[in-house]
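Everything on this sheet refers to the single structure shown next.
The values are calculated or read from the model by the stated rules, or taken from the named source; none is laboratory data. From a predicted model like this one, the values you see are computed outputs, not experimental measurements. A quick note on method: Cβ atoms are made from the backbone with ideal geometry, for glycine too, and the neighbour counts reach across all protein chains shown.
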Amino acid sequence: MINNEESKKLLKQFHKVSDRHILAAETDMSSSDIQKVLTLSDKIRKSGNELICLMRKNYSQLIRTKKYRKLLELYGSAEDKKHRKNFAVQLNEMQKRYKVTWDYCRTSMIPIGKKYGIGAIFALTKAEDIWRGIEKCLYGNGKTIHFSKYGELPCIRAKQINRGIPMMIEDNKLKFKLNGNVFGIQVKDKFQTDEVNAILNYLNEPEMTDNKAIQILADEAYCISTYKPCYVTLVPKMIRGKYRVYLHLTLEGKAKPKYDRFGDLRHKFGKGIIGADIGTQTVAYTSQTEVGLKNLSERGNSIQKSERMERLYYRAMDRSRRATNPQNYNTNGTVKEGHKTWKYSNHYKRIKNRHSELCRINAINRQLAINEDANHLRSLGDVFITEPKNASKLMKRAKETIFNSKGKLNRKKRFGKSIKNRCPSGFQTSIEKKFRVSGGAYIEVPNHYRASQYDHTADAYIKKKLSDRMYKLADGTWVQRDWYSSFLLYCYDDQTKNIDKKKCVSEFNNYYEKEKTFIEWIKVNKIKVLNSGIKIA
């Protein structure tokens, strides 16, 4: 029998290890209430910028000191644990001396929050967000924290369910309260209905559900989905020229399964191995039942037209901005240094609104396409094998200045635009989350694997040019390079952490026939696969 103290400890442990998911739904606020939310959001933005200004100043003073930079270098190179611990203590002391600590960030936000008249819980949550950015600079790969621009509306988050935006039940419906205004959510589909019913079931018997959860955790070391509400976030958005407010309710446990109109599961989980080569614009995959090669983040045939429209709108904005502010530009077209005053015409504002709306639509379509592709790959197998993420490295400009054979300077630009439009890193992160949450396995091969360079017919690593999309193997067989890399990833040996050469030889012919059939299907349907080397008549 578990006593009260043990049950409290187990319940804390359960809250730490259990899953989380978010229920997103539009609120039923009136236009006047929406304006109040926008006003509060702008106050949070201003207070956050004031705290960022203070923390940036302290952080820049800290990072400028030679002693701190030397300690960071010694900490990174130290192999002995005692030495590393000693350096860590000295780094922490310097952070306290220069007031780059969570305690200083939190206490500094208190008078700022009172100055702008925002609730203490909202101020604390904003301080947590800013400190997370400082931590990324201190311990991660961050360089600086950025201000929120005028017009950006940060979300309104209360990290405690009973403060800021408390939740209640009225007429068997979920209701929320913000500064005296009561509002609900619009439940539009079966998934949202199932989620709301699960929340209501928990709120009717919270103690019984918690006791059941900690009992199963103690006996079977397994977490059940309780659907306990954790905290509420309000997200204001501008959609088609009109402000709308969405509510994100963070819940404990895994999301409810989704069903189609016939009552069948929308997303089915497969069994088997999937090898995938994720490029900057495409993904090639090989599974036991299917091979494929497709553009990333593409949902329909209009995405390329939308991307082009984004560029055209941006260029039109630049022309208008230059025409109305000639005093801010040099004769060679570059922007002058120093403080400048900008004026924007009504024509510029109209184009900017169109550009913002198009960017929003494209971003949603990219996310939907990523989700669809992730669900499809999960239906093909439960073990996903790919190479480590490298999108952030590919975005960087080349450092070396190189001249080509004609004596002209080679462009230093790399894959920034492709990565922005196709989101390969976001796709890979979504895949990783999808497989791990659904009970599958996500494996990233080591750097020495080099799937793009191996030739199983010659049993050797042969370096290839990036422009060689169709590659001739040593035995004379022509293969599409991205698909061949996915096949080699499919032949991954988990024991040796290397390529299973016997599996390559035994199964290549079968999958090669599937690849040829798939490429013919692409040509017949005249599908343009970017950077694939597949020519369409």
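Need the failing condition index for GLU205 against (1) touching a Lys or Arg at 6+ places or on another chain (Cβ under 7 Å); (2) over 21 Å from THR39 (Cβ atoms), just the number.
Of the numbered conditions (1) touching a Lys or Arg at 6+ places or on another chain (Cβ under 7 Å); (2) over 21 Å from THR39 (Cβ atoms), the odd one out for GLU205 is (1).
From (1) within 32 Å of the chain's Cα centre (by Cα); (2) without any contact (Cβ under 8 Å) to a residue 12 or more places away in the chain, pick out the condition that doesn't hold for HIS83.
(1)
Taking the options LEU251, LEU200, LEU234, name whichever one is touching a Phe, Trp or Tyr at 6+ places or on another chain (Cβ under 6 Å), under 16 Å from ILE161 (Cα atoms) and aliphatic (A, V, I, L, M).
LEU251
Name the one entry in THR107, THR144 that is within 30 Å of GLY164 (Cβ to Cβ), in the same structural domain as ARG45 (by TED's automatic domain parsing), in a helix (DSSP H, G or I) and hydroxyl-bearing (Ser, Thr, Tyr).
Values: THR144 fails: in a helix (DSSP H, G or I).
That would be THR107, the only listed residue that is within 30 Å of GLY164 (Cβ to Cβ), in the same structural domain as ARG45 (by TED's automatic domain parsing), in a helix (DSSP H, G or I) and hydroxyl-bearing (Ser, Thr, Tyr).
Can you name every residue in region 270-303 that is basic (Lys, Arg) and touching a Ser or Thr at 6+ places or on another chain (Cβ under 8 Å)? Full working, then the answer.
Quick first cut of region 270-303, residues basic (Lys, Arg) only: 271, 294, 299.
Matches in region 270-303: LYS294 only.
Quick one: in region 91-117, which of the residues that are touching a Ser or Thr at 6+ places or on another chain (Cβ under 9 Å) and either polar (S, T, N, Q) or more than 22 Å from ARG64 (Cβ to Cβ) (or both) is surrounded by the most Cβ atoms within 10 Å (Cβ to Cβ)? Step through it out loud before you land on a result.
Applying the first criterion (touching a Ser or Thr at 6+ places or on another chain (Cβ under 9 Å)) to region 91-117 yields 92, 94-95, 98-99, 109, 112-113, 115-116.
Keeping just the survivors that are either polar (S, T, N, Q) or more than 22 Å from ARG64 (Cβ to Cβ) (or both) gives 92, 95, 109, 112-113, 115-116.
Details: ASN92: 12, GLN95: 19, MET109: 27, ILE112: 19, GLY113: 24, LYS115: 12, TYR116: 17.
Going through the qualifying residues, I end up with MET109.
Look at region 33-65 and say how many of its residues are under 20 Å from TYR139 (Cβ atoms) and charged (D, E, K, R).
The qualifying residues number 3.
Restricting to region 197-214, what's the tally of residues that are in contact (Cβ under 8 Å) with a residue 12 or more places away in the chain, more than 15 Å from HIS15 (Cβ to Cβ) and not aliphatic (A, V, I, L, M)?
Just the residues of region 197-214 that are in contact (Cβ under 8 Å) with a residue 12 or more places away in the chain, to begin with: 198-203, 206, 209-214.
Still in the running and more than 15 Å from HIS15 (Cβ to Cβ): 198-201, 203.
Next, from what is left, pick out any that are not aliphatic (A, V, I, L, M): 201.
Of the residues in that region, 1 qualify.
Would you tally the residues in region 479-537 being surrounded by fewer than 18 Cβ atoms within 10 Å (Cβ to Cβ), farther than 17 Å from ASN295 by Cα and under 30 Å from the mean Cα position of the chain (by Cα)?
Adding up the residues that qualify gives 4.
Looking at (1) among the hydrophobic types (A, V, I, L, M, F, W, C); (2) surrounded by 17 or more Cβ atoms within 10 Å (Cβ to Cβ); (3) in contact with a strand residue (DSSP E or B) (Cβ under 6 Å, 6 or more places away or on another chain), can you tell me which one ILE44 breaks?
(3)
If a residue has to be under 21 Å from LYS465 (Cβ atoms) and either assigned by TED's automatic domain parsing to the domain that holds GLY292 or in contact (Cβ under 8 Å) with a residue 40 or more places away in the chain (or both) to count, how many in region 516-537 make the cut? Break it down into steps so the answer makes sense when it comes.
From region 516-537, those under 21 Å from LYS465 (Cβ atoms) are 519, 529-535; that's our starting set.
Checking the rest, the ones that are also either assigned by TED's automatic domain parsing to the domain that holds GLY292 or in contact (Cβ under 8 Å) with a residue 40 or more places away in the chain (or both) come to 519, 529-534.
Here the count works out to 7.
Against the condition in contact with a helix residue (DSSP H, G or I) (Cβ under 9 Å, 6 or more places away or on another chain), assigned by TED's automatic domain parsing to the domain that holds PRO229 and closer than 23 Å to VAL196 by Cα, how does LEU10 come out, does it pass? Before you say what the answer is, go through the steps one by one.
Details: in contact with a helix residue (DSSP H, G or I) (Cβ under 9 Å, 6 or more places away or on another chain): yes; assigned by TED's automatic domain parsing to the domain that holds PRO229: yes; closer than 23 Å to VAL196 by Cα: no.
No; evaluated as a whole, the condition is false for this residue.
Just the residues that are surrounded by fewer than 18 Cβ atoms within 10 Å (Cβ to Cβ) and among the aliphatic types (A, V, I, L, M), please, taken from region 1-33.
MET1, ILE2, LEU11, VAL17, ILE22, ALA24
Contact list please: Cβ distance under 8 Å, first residue in region 391-413 and within 14 Å of THR280 (Cα to Cα), second residue modelled with pLDDT of 70 or more and of a type in the set (Ser, Thr, Tyr), pairs at least six apart or on different chains.
Partner pairs satisfying both residue conditions: ALA391/THR280; ALA391/SER425; SER392/SER425; LEU394/THR280.
Among the residues of region 178-196, is any free of Cβ contacts under 8 Å to residues at least 60 places away in the same chain, of a type outside the set (A, V, I, L, M, F, W, C), over 21 Å from PHE14 (Cβ atoms) and touching a helix residue (DSSP H, G or I) at 6+ places or on another chain (Cβ under 9 Å)?
No, region 178-196 contains no residue that is free of Cβ contacts under 8 Å to residues at least 60 places away in the same chain, of a type outside the set (A, V, I, L, M, F, W, C), over 21 Å from PHE14 (Cβ atoms) and touching a helix residue (DSSP H, G or I) at 6+ places or on another chain (Cβ under 9 Å).
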